[in-house]
1. Among all residue pairs at least 6 apart or on different chains, which show Cβ distances below 8 Å where the first residue, located in the stretch 61-72, is under 13 Å from Leu26 (Cβ atoms) and the second is among the β-branched types (Val, Ile, Thr) and surrounded by 16 or more Cβ atoms within 10 Å (Cβ to Cβ)?
2. Give me the pairs: first residue in the stretch 342-369 and closer than 16 Å to Val386 by Cβ, second residue buried (at least 19 other Cβ atoms within 10 Å of the Cβ) and of a type in the set (Phe, Trp, Tyr), beta-carbon distance under 7 Å, and six or more apart or on different chains, which are they?
3. If I filter the stretch 223-238 for residues that are in a loop (DSSP other than H, G, I, E, B) and within 16 Å of the ligand (Cβ to nearest atom), do I get at least one hit?
4. State whether the residues of the stretch 273-281 include one that is over 23 Å from the mean Cα position of the chain (by Cα), more than 9 Å from the ligand (Cβ to nearest atom) and either hydroxyl-bearing (Ser, Thr, Tyr) or farther than 29 Å from Glu162 by Cβ (or both).
5. Taking the condition of being farther than 25 Å from Phe37 by Cβ, in contact with a helix residue (DSSP H, G or I) (Cβ under 8 Å, 6 or more places away or on another chain) and surrounded by 15 or more Cβ atoms within 10 Å (Cβ to Cβ), how many residues in the stretch 100-114 meet it?
6. Taking the residues in the stretch 348-376 that are within 16 Å of the ligand (Cβ to nearest atom) and farther than 18 Å from Glu395 by Cα as candidates, determine which candidate is surrounded by the fewest Cβ atoms within 10 Å (Cβ to Cβ).
7. Here is a check on your reading of the model: is Ile86 outside any strand (DSSP E or B), β-branched (Val, Ile, Thr), in contact with a strand residue (DSSP E or B) (Cβ under 7 Å, 6 or more places away or on another chain) and over 19 Å from Gln281 (Cβ atoms)?
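The values are calculated or read from the model by the stated rules, or taken from the named source; none is laboratory data. It should be emphasised that the depicted structure is a prediction, and the values quoted were computed from it without experimental measurement. Here Cβ is always computed from backbone atoms with ideal geometry, including for glycine, and neighbour counts include all displayed protein chains.
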Amino acid sequence: MQEELQERINSSKAQICVVGLGQVGLPVALSFCNVGFVVRGLDVDKDHIELLKNGKSPFEEPILEEMLIKSRKEERFFPTLDQNAIAESDVIIVCVPTPISKEIKPDLSLLKNACDTISRFELKNKLIVIESSIPPKTFESMILPSLSGDKTTNIFASYVPERLSPGQAFEEINTTPRVIGARDQKSRDVTYDLYKKIIKADIFKTSPIVAETCKLVENTFRDVNIALANEIAMICERYDIDVLEIQKICNSHPRVNLLTPGPGVGGPCLPKDPYLLLNPQDSEQIDSKIISNARKINDYMPSHVFHLIENTLKEQNKEIKNSTITILGTAYKGNVSDTRYSPSEKIASLLLETCSNVKINDPHSKISFGAKYEENISKAIKNSDVVVILTDHDEYKNINLQEMKKDMNDDPILIDTRRIFDKEIAENVGFTYVSIGYNNKGIKNNYSLLK
Ligand code: SAJ
């Protein structure tokens, strides 16, 4: 009954099962533990579950390990491979990935499997929440039918898209407004009571399709705006002016907010959510101009970085194939360990096509993308002709340029795609300094995407 479940939620006595303990599911599970709930964390990865049982975080996220150790010690968090966790819980929250396939279509197989697994249990009077990003209409046309066919009247079900940014997960769960798209009024009320336990911000109540669409529009908005910044950066290169100076002045206008250009857009969300938006469940793909061209621009950026490297070497009468190149950063953004869809992968593969001396370092990840992994930053830099900074990790911001110059070969080149160093300082030390959207005088700009 609704009142009974609400009472159990309000008194933090409801048992919760979080399905999928990744970068969303794990912080969500621990946030509920933190406010007094007992949470079972269900995942299919045995190693992952073992790590969690031992209080070890499988990825980098501030305060995650502390929260994990605390919740384990207080016997509030139980990572498990056992699907009976579903039967034993009042609330089931699904946080599995929804990637895109090679054909650039939504791949909902993991979500469908999770729903099919859940539907094998008696769900009467339980609340099922989906947090994974999904194409519009998926909740009504795939999730509800697969959860329990015509028995759905007995369950409470809502779509509550996650909104946390990796690297600030706990803070954002707590402070970012959320949206509940519920199948009916009762589900909405129960879901609201549950989420207000962990959220100190507005919670909007709406239909599932509005919640689905909002989530995808947010990430599409960011992707399109980064593409605009990237295209403007390449225009600035043609004019030999600095896009960051343009950004600073333009953003002093009260209605302008130009984002920051970079080597491309990575991570598990932004590169694929625009495609989810354009591929509604069970319907034709929607045609788009701005959204799909923004994706093309962001996907082009790794090639642009490759051209910057190639053309800078040419200016020094050197060739990529005879050079030693060091990539600093495989993670898709600073101070995280996640390398999914990272622009570094494409840049490494373009370099490796012509150059056999490509070294790679990332203090947060051991992934090498086929290059030679160097654990130590100084060793990675040693005897290189070119250092390419692709991720703005704090460790790289602390590099001493004088020492780096000493370690590198003569006429060192610094390709700083994240602008963590100052051009003048780097040039005074003796580097050829090149960046995206900069007055890289004499360096040819090959940008011709929309020709
Ligand atoms: N990037 C730029 N320039 C910028 C901002 C970002 O090049 O000015 C690049 C980053 O380097 C990175 C990529 O974009 O490669 C994505 O980074 P991000 O910090 O913009 O976003 P994510 O993917 O870590 O998290 C996003 C967030 N969405 C929005 O900000 C609208 C987060 O709130 C979502 O919850 C998350 O996607 C998600 O899970 O959907």
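1. The qualifying pairs are Glu61/Val336; Ser71/Val39.
2. Close Cβ pairs satisfying both conditions: Ser344/Phe369; Ile347/Phe306; Ala348/Phe369; Leu350/Phe306; Leu351/Phe306; Ile360/Phe369.
3. no
4. No, because not a single residue in the stretch 273-281 is over 23 Å from the mean Cα position of the chain (by Cα), more than 9 Å from the ligand (Cβ to nearest atom) and either hydroxyl-bearing (Ser, Thr, Tyr) or farther than 29 Å from Glu162 by Cβ (or both).
5. Result for the stretch 100-114: 4.
6. Step one: list which residues in the stretch 348-376 are within 16 Å of the ligand (Cβ to nearest atom), which gives 348, 362, 364-365, 367, 369.
After this cut, where a residue has to be farther than 18 Å from Glu395 by Cα as well, the list is 348, 369.
Numbers: Ala348: 25, Phe369: 20.
Top of the filtered list is Phe369.
7. Numbers: outside any strand (DSSP E or B): yes; β-branched (Val, Ile, Thr): yes; in contact with a strand residue (DSSP E or B) (Cβ under 7 Å, 6 or more places away or on another chain): yes; over 19 Å from Gln281 (Cβ atoms): yes.
In short, yes.
Yes/no matrix, rows are residues, columns are (1) out of contact with any Cys (no Cβ under 7 Å at 6 or more places or on another chain); (2) part of a loop (DSSP other than H, G, I, E, B); (3) within 16 Å of the ligand (Cβ to nearest atom); (4) of a type outside the set (Asp, Glu):
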| site | (1), (2), (3), (4) |
| --- | --- |
| Leu123 | yes, yes, no, yes |
| Pro136 | yes, yes, yes, yes |
| Pro145 | yes, no, no, yes |
| Ser148 | yes, no, no, yes |
| Arg163 | yes, yes, yes, yes |
| Pro166 | yes, yes, yes, yes |
| Lys186 | yes, no, no, yes |
| Asp189 | yes, no, no, no |
